[in-house]
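The block underneath contains the structure these notes are about, expressed in structure tokens.
The values are calculated or read from the model by the stated rules, or taken from the named source; none is laboratory data. Treat the numbers as computed from the prediction; the structure is a model and nothing was measured. For neighbour counting, all protein chains shown are included, and Cβ atoms are generated from backbone atoms with ideal geometry for every residue, glycine included. Just so you know, the surface numbers come from the protein's heavy atoms only, side chains and all, with ligands and any DNA or RNA stripped out. Shrake-Rupley method; radii C 1.70, N 1.55, O 1.52, S 1.80 Å.
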Amino acid sequence: MEGKEPKPEDPTMRTALLVINCVILTVGNSGGSLISRVYFVHGGKRIWFSSWLQTAAWPIYIFIMAGAYMYRSRTTEPTSENKLFYMKPSLFIASAVIGILTGLDNYFYAYGVSLLPVSTCNLILASQLAFTAGFAFLLVKQKFSAYSINAVFLLTIGAGILAVPTSGDEAENESKREYTVGFLMTLAAAALYGLVLPLVELMYQKANQEITYALVLEIQLVTSVFATAFCTIGMLVNNDFKVIGREAREFDLGETKYYVVAISSAILWQGYFLGGIGIVFCASSLLSGMVTAIQLPILEILAVIFFREKFEAEKGLSLVLSLWGFLSYFYADIKKLKRRKRLKQMKETPETDMKSVELPNNLDTGV
């Protein structure tokens, strides 16, 4: 097996990839959210430019794929199957469509984060889980338990509490109208990305070729290229390229740090997107949405520390409901794992010893 792409059904490799992608997504989401807000807080005003940065670091994937290709070339015998690109035309088209949707989603998110505090923005984005769950049910026939439904409900209610702004939550010189627009744009971003994740899972299921992690990198490359192209058109229409230099010189933190913020944002957001579709590859779109949502407490704390945002009662209640939803979801997963372990024990136990095995109340694999 040396030098070959691991099979998707390899449980050890799947678990390792799942953990790695969870870490990548966590770092990318937390860092990207904070850096995006830094851009707007300190004088940045170009929404299309901010959305463009979220996928502009796509050349990273070319270096990763080239490195993997060179490694395979050195460790395996030359064969026609050792390619740099594996993607078939149908998968390319599907990835391109998802890329355009991602570009639009990036614009919605950038618009929202330009108007809302980080803590508020990310609490609203927790509603993405509800959209992911709904679209996953419709598109990939995702099965739900009472616990997962409870989790989605609580997270949705938690985000809904923030629909009404409080006096301490509005940014300086920001009107209630701007808050409402920011809320709606962020909610639109949550809804659209809630659609994108199940679409990625559906694409994996319908692909007429084996989905490997190398192919996942190709999919993310194509997705990022088309998302960047979509936002580039927006920048051209909005004349963003003409004013970036002036905006950098007028940036509160200085011109050098302006470009540091831009480059850091681009790299971190690529981690977020790669981690997201990587989790879909290893598990499901619903779990990818859950891993994103469970980072709420981290982002809330970081927003208070770095931006000194206020933490009103409404945010506290929203956070409690969100945490309750997380615990409900993972409690269901724990019960499912225990049930599968008992079923496996029953299958491996000889019939003469079956009396000594404690039978579960429900023998199916659901909750």
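So the values come out like this:
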{"quantity": "Listed peptides 83-89, 31-37, 318-324, 120-126 by packing density, highest first (mean Cβ within 10 Å)", "calculated": "120-126, 31-37, 318-324, 83-89"}
{"quantity": "Taking N as its residue count, the alpha carbon Rg of the stretch 214-306 over 2.2 N^0.38 Å", "calculated": "1.37"}
{"quantity": "Two-site label geometry, residue 153 and residue 242: point separation in nm, points 7 Å out along Cα→Cβ", "calculated": "5.4"}
{"quantity": "Whole-Hz couplings from phi, Karplus 6.51/-1.76/1.60, listed for the stretch 33-46; x for Gly and Pro", "calculated": "4, 5, 5, 4, 5, 4, 4, 6, 5, 9, x, x, 9, 8"}
{"quantity": "Accessible carbon and sulfur surface of the stretch 194-289 relative to its total accessible area, %, 1.4 Å", "calculated": "62"}
{"quantity": "Length added when fully stretched, residue 27-residue 138, from 0.36 nm per residue minus Cα-Cα", "calculated": "36.9 nm"}
{"quantity": "Calculated FRET efficiency for the pair residue 66/residue 175, C-beta based, R₀ 41 Å, to 0.05", "calculated": "0.25"}
{"quantity": "Over 19 Å (Cα to Cα) - which of 141/206; 141/338; 45/257; 206/335 fall in this group", "calculated": "141/338; 206/335"}
{"quantity": "Spin-label model distance (nm) - residue 313 vs residue 74, 7 Å beyond Cα toward Cβ", "calculated": "6.3"}
{"quantity": "Simple spin-label estimate for residue 320 and residue 253 in nanometres, 7 Å along Cα-Cβ", "calculated": "3.5"}
{"quantity": "Net dipole in debye of the stretch 33-132 [+1 Lys, Arg Cβ; -1 Asp, Glu Cβ; about Cα centre; nearest 20]", "calculated": "180"}
{"quantity": "Extension gain (nm, one decimal) between residue 331 and residue 45, 0.36 nm per residue minus Cα-Cα", "calculated": "98.7 nm"}
{"quantity": "Stretchable slack from residue 206 to residue 229, in nm (0.36 nm times residue separation minus alpha-carbon distance)", "calculated": "5.7 nm"}
{"quantity": "By average C-beta atoms within 10 angstrom, highest first, the peptides 226-233, 17-24, 250-257", "calculated": "226-233, 17-24, 250-257"}
{"quantity": "Cα gyration tensor shape of the stretch 29-144, rounded if a/c is under 1.5, else prolate or oblate by comparing a/b with b/c", "calculated": "oblate"}
